[in-house]
1. Where in the range A:98-214 are there strands (runs of 3 or more DSSP E), lying fully within it, with 3 or more residues that are closer than 21 Å to B:L199 by Cα and in contact (Cβ under 8 Å) with a residue 24 or more places away in the chain?
2. Determine which member of the set A:I206, A:I188, A:I174 is over 20 Å from B:L202 (Cβ atoms) and at the interface with chain B (Cβ under 9 Å from one of its Cβ atoms).
3. In this structure, does B:L182 turn out to be among the aliphatic types (A, V, I, L, M) and facing another protein chain (nearest Cβ under 8 Å)?
4. Could you tell me whether A:A203 is within 17 Å of B:R106 (Cα to Cα), under 16 Å from the mean Cα position of the chain (by Cα) and at pLDDT below 90?
5. Which of the residues that make up the range A:54-97 are surrounded by fewer than 21 Cβ atoms within 10 Å (Cβ to Cβ) and part of a strand (DSSP E or B)?
6. Since A:G124 meets every condition but one in (1) surrounded by fewer than 19 Cβ atoms within 10 Å (Cβ to Cβ); (2) under 21 Å from A:G170 (Cα atoms); (3) at pLDDT 95 or above; (4) not hydroxyl-bearing (S, T, Y), which condition does it not meet?
7. Which residues, counting only those in the range A:88-97, are within 8 Å of chain B (Cβ to nearest Cβ) and in contact (Cβ under 8 Å) with a residue 12 or more places away in the chain?
8. Out of the residues in the range A:82-126 that are within 22 Å of B:G96 (Cα to Cα) and acidic (D, E), state the one that is nearest to the chain's Cα centre (by Cα).
2 protein chains.
Amino acid sequence: MPNSDRISKPTSRRMSLYLRALQLQLNQGKAAISSKELGDQTGVKDAQVRKDLACFGSLGRPGVGYRIGDLHHQLRRLLGMDQTWKTVLVGAGNIGRALLAYPRFRNEGFDFVAAFDHNKKDVGKKIAGLCIQPMEELKKTVKQKHAQMGLIAVPPDAANKVAQSLVSAGVRGILNFAPIRLDLPKGIAVVNVDFTDALEQLAFEIRLSITEGKSV
Amino acid sequence: MPNSDRISKPTSRRMSLYLRALQLQLNQGKAAISSKELGDQTGVKDAQVRKDLACFGSLGRPGVGYRIGDLHHQLRRLLGMDQTWKTVLVGAGNIGRALLAYPRFRNEGFDFVAAFDHNKKDVGKKIAGLCIQPMEELKKTVKQKHAQMGLIAVPPDAANKVAQSLVSAGVRGILNFAPIRLDLPKGIAVVNVDFTDALEQLAFEIRLSITEGKSV
C-alpha cells in the first residue's frame, strides 16, 4: 500500500478516474480488467495506467489483468473513500441545491449532515431531506455533528468569512465554488471549482483542435 | 507569442490563474507585478511563474516586474479569450440555471445565445434573459446562431445523445457536467466537470494534511 503523501495531485486525479471505472465494472459483475481496458475507459495511456498501479504490487497478472475487487478496495483506501466524510453546505442557491441533490455523493462516502443559508426565506425549507438552517447556527452545528468538510457556494464577498467560521468550528477541508481565493490557515485543505476556468480550458482546447486540424 | 499547440494542459490552467489575477490588478489600476506577487496570488511558485511567462519574451523587467496590461493582452490571446465564444446550454436544472446566471462568463467572453430543456414546463421560461427552448429546436438554433460551445447539464443517460446533436449542429467543444464519459468524434474538444472528482480530491488532500501534520 503506497503512502498517500508520496502521490502527486495529477496522479491522485487519475486514481479517481480508475476508481470510477472500476466501480462500473464491479456493478456489471466483472472480476478482472486489463490496463488497456482501464486506459480506454478513463482516457489514460495504458503504460501510464500500469505505472500508476504498480505501487499496489501484485494485483495485476499478465494476460489476465487486475483483480477488480482488490484494486477497487486499495484505491478507495488510498483516496480516503473507505470512511464517511461528514459534509456541510453553505449557500443554498442554484449550485448549492444541485450539490445537495447530486445522487452520487452519498454512494461515494460523502454524507451531507447540514446546510445553511443567510437568506431568511430559504431557512426552514427542505432540500434533499435536509432542512436549511440559518447562518447563526453554523458553528454550533458543525461542532455538534463533527463535520470534516465544508462546501462553500456563496457569493465571493461572503466566502472568506464563511470559510473562517467553518475552520474555527473544526472543518478540515473546503470545496470552494466561490470565484475567489480563500485565505486559509496552514493545514486546511482546499479544492477550488471555478466554472470560468473550465470554460477557458475549453476555449483553449478548441483553439488547439483547430490548429491541429489545419496542420494535418 | 507562443503557439497554443505547444502548451500543456497544466500550463494552460496556470495561465488561466495568472489571467484572473492580472484582471484583478488591472481593475485596481496597477501597472506592474512581480513574479513573486503573481505567484502568491495564484498559489504557484515564483520560479514556475517566470518559467511559464518566459515564452512571452521581454514583458518582465528585473526589479520592476511584468507590465500587467501587455501580459494580460498576451494571455487573453493565448487562451482564446480575445474572441467571443457563442455558447448554448442544454439542461436548465439547478446546475444549468447556476451557469446561465454566472455573472463572470459574459465578462470573460462567453456569450450564452440559447438554452434548451426537454421539460415542457420549463420551456418558455426566461432565465438570465434567455428563453428556454424545447430540445426539438436545438439543432436548428445552434446552426442559425453559429454556436461554438455547448454546455451539457442533463442526466447522464441523456448526455451522449445531446452531445451528438450539438456536434452535428456545428459545436466545436463541450463542457460536460454529466457524470459520464462522452463518446465524441476526433477534433471535438471536451472538458468534464465532475463534482465527485473534486470531493475525492478534497478527501485525499485532507488525508495528506493530517499525515503531514503528524509527521512534523
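1. It comes to A:110-117, A:149-152, A:173-176.
2. Working: A:I188 fails: over 20 Å from B:L202 (Cβ atoms); A:I174 fails: over 20 Å from B:L202 (Cβ atoms).
Answer to the selection: A:I206.
3. No: the conditions fail for B:L182.
4. On the way: within 17 Å of B:R106 (Cα to Cα): yes; under 16 Å from the mean Cα position of the chain (by Cα): no; at pLDDT below 90: yes.
When the stated conditions are applied, A:A203 does not pass them.
5. A:R61, A:G65, A:R67, A:K86
6. (2)
7. Residues of the range A:88-97 that are within 8 Å of chain B (Cβ to nearest Cβ), as a first pass: A:93-95, A:97.
Across the range A:88-97, the qualifying residues are A:G93, A:I95, A:R97.
8. A:D117
The values are calculated or read from the model by the stated rules, or taken from the named source; none is laboratory data. These figures come from a predicted structure and were not determined experimentally. Note: ideal-geometry Cβ built from the backbone for every residue, glycine included; neighbour counts use all protein chains shown.
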